[in-house]
1. For segment 212-240, which residues satisfy the criterion of being loosely packed, with under 10 Cβ neighbours inside 10 Å and among the acidic types (D, E)?
2. Just to be sure, is Q362 farther than 27 Å from Y248 by Cα, at pLDDT below 80 and crowded, with 20+ Cβ neighbours inside 10 Å?
3. In segment 178-199, how many are modelled with pLDDT under 90 and either under 30 Å from P391 (Cβ atoms) or exposed (fewer than 11 other Cβ atoms within 10 Å of the Cβ) (or both)?
4. Restricting attention to segment 235-245, does a residue exist that is at pLDDT 80 or above and assigned to a helix (DSSP H, G or I)?
5. Please enumerate the residues belonging to segment 246-262 that are outside any helix (DSSP H, G or I) and either touching an Asp or Glu at 6+ places or on another chain (Cβ under 9 Å) or at pLDDT 75 or above (or both).
6. If I ask for residues that are over 12 Å from the mean Cα position of the chain (by Cα), closer than 20 Å to P414 by Cβ and either modelled with pLDDT of 85 or more or part of a loop (DSSP other than H, G, I, E, B) (or both), which ones from segment 297-318 would you list?
7. Consider segment 82-126. How many of its residues are more than 33 Å from the chain's Cα centre (by Cα) and within 30 Å of V51 (Cβ to Cβ)?
8. Got a sec? Which of G377, G338 is farther than 17 Å from H192 by Cα, modelled with pLDDT of 80 or more, assigned by TED's automatic domain parsing to the domain that holds P421 and not in a helix (DSSP H, G or I)?
Amino acid sequence: MTQAVGPPAPTFDVVPPVSAPTVFRTLAAAAVAVGVAAALGLTGEGGPSAVSSVRLVLVAGGALAAAVALTQRSDDWRAWAAAGGIGWLAVAGLPAHWDTGRLVAGVLGTLGLAGAGLAFAPAGWRYAVLSLFVLYHFGSLLTHTTLPETYSSPPPWVSTQAANRLYSDYSRFLYLINAYHFYSPDPGPASHLFLYIEYQTDEDDKDEKTGEVKRTADGRPVKVKTAEWVNMPQRTTQYRDPLGMTYYRRLSLTELVSQAPPGGVTGASVEKANAVQRRRDNQLGLLGVPVPGAVGYGNEIDLSQYRVPLPHIRRQLFPSYARHVARVYTGPRKRADGTTVQYTVTRVKMFRVEHRVLSPNQFLGYDNPLDVQYHPGQPPRKMGLLSPYHPSTYHPYYVGEYDPDGELTNPNDPLLYWLLPVEYVPAAGRDQKSWQDYMSRYATGNDKAFFFQWEGKE
């Protein structure tokens, strides 16, 4: 005799859901943990410390508890609303130097509140809203897939308008604007940040002859000052984990600041006019830095060498990078003799660097990458084989000097946002350098060249 088989029992009948009181008790405990972390923040404790560590543990525990509770009653709009509120409370609970964590907490809190609205709405409205969001998201992918120009063909007008009017903030936030057409037809230059970091130590500066401590006019001891070059990203020191995430995260950071329209094609503006005037006022060059438009470089200033970063880059990203560098590189360092010296960052000079890919002729040594730019009208010079890492393949644009708080120290710097060339110079002998490094000369005031310590160390 065959027994009739009915439809499967609903999931809630097979595995009953966790009771609502239990879920909301878990959410209440999570809110208390995150709230205590926020209250500890009112003590004014700043920077890494024991209090900051306690706050991080409380926020992590509270966030995990809220996530577990939400999975237990994901059909209840009240659970979504509570989880969203805890996410926003976590923004205050996280220490200030965890700015990225605060951003993530705020985004998750917003998603929680949006989820509460969807869970509360009728099913038809949910399907409509989610369908529109899916169309919007994939529309962004399609837009940025068709947005890059191909050789001399400009992108479609529809793609340009959609990118600027509909998807600009959304795509930039999710980083959907990179990697489309990345290797075709032209990958373009790789991006670096060269940082010249100046320090003041807690060690007294002594006279080399007498050994006596140097003192200021009011009798205070003069502290030793030093500086170093840092390249980001650098595989030899920043490829630390098996998947290389530490390196690729830094690579993404340098790509974020590489967006800058050429100065020659940007619209006329007071900022550009002032920059050109400051450059004209220094026709003889600063510390030997050649001025495009001076003798030997044509009659007009070459605006293609002036690259102003996009507003959000120069107002937000560069100051944020400078603050991060100041915090990371400030601290004690051990010497070879076992003594410890405290290093405090005082200034960070930043250079956005384009590492140009050599053409086949340049690789074979028939063409100098900078000849056409600096010596127009002259025939190409045979140089012999050129390394892809030769210093002249790097194009550094000076993006400013920042204090530890991320403030630009001199917005009227005459070379701000200008190219500081690394020119190819035929070497007179095997042991002599074959380049002139104006970036290092401007940064240090002398020939303490960056490329002497780093050439080819990717």
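The values are calculated or read from the model by the stated rules, or taken from the named source; none is laboratory data. All values derive from a computational prediction rather than experimental measurement. Quick reminder, even Gly has a Cβ in these numbers, built from the backbone with ideal geometry, and neighbours come from all protein chains shown.
1. E212, D218
2. Details: farther than 27 Å from Y248 by Cα: yes; at pLDDT below 80: yes; crowded, with 20+ Cβ neighbours inside 10 Å: yes.
Considered against the rule, which asks whether it is farther than 27 Å from Y248 by Cα, at pLDDT below 80 and crowded, with 20+ Cβ neighbours inside 10 Å, Q362 comes out as yes.
3. As a first pass, look at segment 178-199 and keep what is modelled with pLDDT under 90: 178-192.
After this cut, where a residue has to be either under 30 Å from P391 (Cβ atoms) or exposed (fewer than 11 other Cβ atoms within 10 Å of the Cβ) (or both) as well, the list is 178-179, 181-192.
Adding up the residues that qualify gives 14.
4. Scanning segment 235-245, I find at least one residue that is at pLDDT 80 or above and assigned to a helix (DSSP H, G or I), so the answer is yes.
5. As a first pass, look at segment 246-262 and keep what is outside any helix (DSSP H, G or I): 257-262.
Those that are outside any helix (DSSP H, G or I) and either touching an Asp or Glu at 6+ places or on another chain (Cβ under 9 Å) or at pLDDT 75 or above (or both): V257, S258.
6. Initial filter on segment 297-318 (over 12 Å from the mean Cα position of the chain (by Cα)): 297-311, 315.
Add one more test, that the residue is closer than 20 Å to P414 by Cβ, and what stays is 297-309.
Y297, G298, N299, E300, I301, D302, R307, V308, P309 - these are the residues of segment 297-318 that are over 12 Å from the mean Cα position of the chain (by Cα), closer than 20 Å to P414 by Cβ and either modelled with pLDDT of 85 or more or part of a loop (DSSP other than H, G, I, E, B) (or both).
7. Here is the first cut: in segment 82-126, the residues more than 33 Å from the chain's Cα centre (by Cα) are 82, 116-126.
Going one step further and asking which of them are within 30 Å of V51 (Cβ to Cβ), we end up with 82.
Number satisfying all stated conditions: 1.
8. Details: G377 fails: modelled with pLDDT of 80 or more.
The unique qualifying residue is G338.
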